[in-house]
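This report concerns only the one structure given below.
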Amino acid sequence: MDKKILLTKNKNNSGDRVLKRALKVGSYILLAFWAFMVLFPFYWMIITSLKTAAEYNAELTPSFYPTSFEYRNYINAFGTRGVDLLRYLFNTVIFTVVTTALMMVVIVPAAYAFARLDFKGKNLTFTCFLALMMIPQELVIVTNYYTVTGWNLQNTFTGLILPSAVSVFYIYLLKENIAQIPEEMYKAAKVDGTSDLKYLWRVVLPICRPTIVTVAILKIIECWNSYIWPRRITDIDSYSLISNGIQKLQHSGMGRDNIPVTMAAIVVVSLPLIVLFLIFRNKIMEGVARGGTKG
């Protein structure tokens, strides 16, 4: 009887091991498939940027590897007449840095106030803030356009930056993170005579650093990829961003006839964001996880 029980247990354990291995192999296959789906567009972008225009136009079926590497596409992308990509890139850096810095100055105190301070109408105000997230982005763009043009701020960095200086979603994300800090710490600090500003600077910011870094990086990516609003509010090269420059390159003689040149420009523009994400990926994951959970 004991031998039968042992044999049954061994069979069950062997079956469990086989099932676990099968699930593990299946999960690896699924992850590999999704990794391929995500990375293949980047691979195709880089490969296309290294092809000659003649090779690209002569392909009846797409080739996954260039017969010759045309590195001059990257030089030609930034030397196209009438499309000053370097100037657009410089404008994008200014727009991204100033907008992100200004937004952080606005949302950090706002999130702290909603998470920790008590004032009349706080819940109603926060509910109204969340309700703004339900408004379609297209309607916000129309309203912002009439407001900015009414202030004569079109074709200025001020007009570009102001509508992007506040984000309700990031206030909510940061507010939920701050709310996780034990209230006893705040009460103890107040008993010691610590001001709210000092408590925010010395306690809240160090604890919430992963979420703050995450918000800053997500905002940088958002600004870097901004297209509709800059396209609507600027129509001169002095204030055009790199996303608009890529479109101008695509519609220029060089870009229309030479797709690899356009792809080379897109590779250069995408590279800073990819590097930024790879450097801070752990902070981003940690910040999103902490901001999305409570307790």
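Screening ASN152 on (1) under 30 Å from ALA179 (Cα atoms); (2) surrounded by fewer than 13 Cβ atoms within 10 Å (Cβ to Cβ); (3) at pLDDT 90 or above shows it passes everything except condition (1). In the stretch 146-158, what residues are under 22 Å from ILE217 (Cα atoms) and in contact (Cβ under 8 Å) with a residue 60 or more places away in the chain? Answer for the stretch 146-158, where residues must be under 22 Å from ILE217 (Cα atoms) and in contact (Cβ under 8 Å) with a residue 60 or more places away in the chain: just PHE157. What do you reckon, is THR96 at negative phi, touching a Ser or Thr at 6+ places or on another chain (Cβ under 9 Å) and part of a helix (DSSP H, G or I)? It is true that THR96 is at negative phi, touching a Ser or Thr at 6+ places or on another chain (Cβ under 9 Å) and part of a helix (DSSP H, G or I). Going through (1) at pLDDT 80 or above; (2) surrounded by 10 or more Cβ atoms within 10 Å (Cβ to Cβ) one by one, ASP16 falls short only on (1).
Let's see how each residue does on (1) under 30 Å from GLN154 (Cα atoms); (2) outside the structural domain of LEU139 (by TED's automatic domain parsing); (3) at pLDDT below 85; (4) under 17 Å from the mean Cα position of the chain (by Cα):
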position: LYS198; (1), (2), (3), (4): no, no, no, no
position: VAL203; (1), (2), (3), (4): no, no, no, no
position: THR211; (1), (2), (3), (4): no, no, no, yes
position: ARG231; (1), (2), (3), (4): yes, no, no, no
position: SER240; (1), (2), (3), (4): yes, no, no, no
position: LYS248; (1), (2), (3), (4): yes, no, yes, no
position: HIS251; (1), (2), (3), (4): yes, no, yes, no
position: MET254; (1), (2), (3), (4): yes, no, yes, no
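Give me the helices (runs of 4 or more DSSP H) completely within the stretch 208-277, filtered to those with at least 3 residues that are out of contact with any Leu (no Cβ under 7 Å at 6 or more places or on another chain) and polar (S, T, N, Q), ordered by residue number.
On the way: elements: 209-224, 228-233, 242-251, 253-257.
Here the list reads 242-251.
Restricting attention to the stretch 117-132, does a residue exist that is surrounded by 18 or more Cβ atoms within 10 Å (Cβ to Cβ) and under 22 Å from the mean Cα position of the chain (by Cα)?
no
For LEU102, the conditions (1) in contact with a helix residue (DSSP H, G or I) (Cβ under 6 Å, 6 or more places away or on another chain); (2) touching a residue at least 60 places away in the same chain (Cβ under 8 Å) all hold with the exception of (1).
Can you spot a residue in the stretch 76-86 that is in contact with a helix residue (DSSP H, G or I) (Cβ under 8 Å, 6 or more places away or on another chain), at pLDDT below 90 and of a type in the set (S, T, N, Q)? Yes, the stretch 76-86 contains a residue that is in contact with a helix residue (DSSP H, G or I) (Cβ under 8 Å, 6 or more places away or on another chain), at pLDDT below 90 and of a type in the set (S, T, N, Q).
Scanning the stretch 159-182 for residues that are within 25 Å of ASN91 (Cβ to Cβ) and either free of Cβ contacts under 8 Å to residues at least 60 places away in the same chain or not β-branched (Val, Ile, Thr) (or both) yields a total of 8.
Of all residues being among the acidic types (Asp, Glu) and buried (at least 16 other Cβ atoms within 10 Å of the Cβ) in the stretch 175-225, which is nearest to PHE277 (Cα to Cα)? Just the residue, please. This residue is GLU222. All told, LEU162 falls short of being in a helix (DSSP H, G or I), under 27 Å from TYR239 (Cα atoms), out of contact with any helix residue (DSSP H, G or I) (no Cβ under 8 Å at 6 or more places or on another chain) and among the hydrophobic types (A, V, I, L, M, F, W, C).
So, in the stretch 53-80, of the ones that are closer than 26 Å to SER243 by Cβ and in a loop (DSSP other than H, G, I, E, B), which residue ends up nearest to the chain's Cα centre (by Cα)?
As a first pass, look at the stretch 53-80 and keep what is closer than 26 Å to SER243 by Cβ: 53, 56-57, 62, 70-80.
Next cut, in a loop (DSSP other than H, G, I, E, B) only: 62, 70-71, 78-80.
Working: PRO62: 30, GLU70: 31, TYR71: 29, PHE78: 25, GLY79: 29, THR80: 29 Å.
In this case the residue turns out to be PHE78.
Count of the stretch 35-52 residues, restricted to those that are assigned to a helix (DSSP H, G or I) and either surrounded by 10 or more Cβ atoms within 10 Å (Cβ to Cβ) or among the hydroxyl-bearing types (Ser, Thr, Tyr) (or both), is 12. With the condition kept exactly as written, say whether any residue in the stretch 174-181 is under 25 Å from PRO206 (Cβ atoms), outside any helix (DSSP H, G or I), modelled with pLDDT under 90 and of a type in the set (A, V, I, L, M, F, W, C). Yes, that holds for at least one residue.
The values are calculated or read from the model by the stated rules, or taken from the named source; none is laboratory data. Since the model is a prediction, treat every value here as computed from it, not as a measurement. Note that each Cβ is placed from the backbone with ideal geometry, even for glycine, and that neighbours are counted across all protein chains shown.
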